[in-house]
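Following: one structure in structure tokens, then a few remarks.
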Amino acid sequence: MGEFIFDIRVRPNSSRNSVGGQAGNPPRLVVNVQAPPEDGKANEATLRALAKAFNLKPKDFEIVSGETNRDKRVVAHGDVIAIQKLHLQLLNK
């Protein structure tokens, strides 16, 4: 068990929740959420979407920077090798 830190770009008010693809330079994993960017709703939805995509629990993820920004840095706690592999697959989705 360990920690894997990666960057994401959140797109709130999306038509559906999804994780995959990349945006920006350097590439950030795209997380689309239906929740609006108010009162932490989009952040909560982001953690739930990441948990579903990585087959983990929302509590296994932590936003370490960018709480109020669409570009965020996230820490995932768990099997680092499995998380890294899935992260790469999702980036190339």
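The values are calculated or read from the model by the stated rules, or taken from the named source; none is laboratory data. The structure presented is a predicted model; accordingly, all values stated were derived computationally and were not measured. With ideal geometry, Cβ positions are generated from the backbone for all residues, glycine too; neighbour counts draw on all protein chains shown. The protein model used for the area step is the full one, side chains on, heavy atoms only, and it has no ligands, DNA or RNA in it. Shrake-Rupley method; radii C 1.70, N 1.55, O 1.52, S 1.80 Å.
Here are a few things to note about the model shown:
- Region 78-93, subset more than 17 Å from Met1 (Cβ to Cβ) and part of a loop (DSSP other than H, G, I, E, B), residue least open to solvent (accessible area, probe 1.4 Å): Asn92
- Qualifying residue in region 62-70 (condition: touching a residue at least 40 places away in the same chain (Cβ under 8 Å) and charged (D, E, K, R)): yes
- Failed item, numbered, when Ala51 is tested on (1) part of a strand (DSSP E or B); (2) aliphatic (A, V, I, L, M); (3) touching a Lys or Arg at 6+ places or on another chain (Cβ under 9 Å); (4) open to solvent by less than 10 Å² (accessible area, probe 1.4 Å): (1)
- Counting the residues of region 1-38 that are more than 17 Å from Ser65 (Cβ to Cβ), of a type in the set (A, V, I, L, M, F, W, C) and open to solvent by 30 Å² or more (accessible area, probe 1.4 Å) gives 1.
- Number of residues in region 54-67 that are assigned to a helix (DSSP H, G or I) and open to solvent by less than 20 Å² (accessible area, probe 1.4 Å) equals 1.
- Residue within region 68-77 that is assigned to a strand (DSSP E or B), open to solvent by 80 Å² or more (accessible area, probe 1.4 Å) and either out of contact with any Lys or Arg (no Cβ under 8 Å at 6 or more places or on another chain) or at positive phi (or both) present: yes
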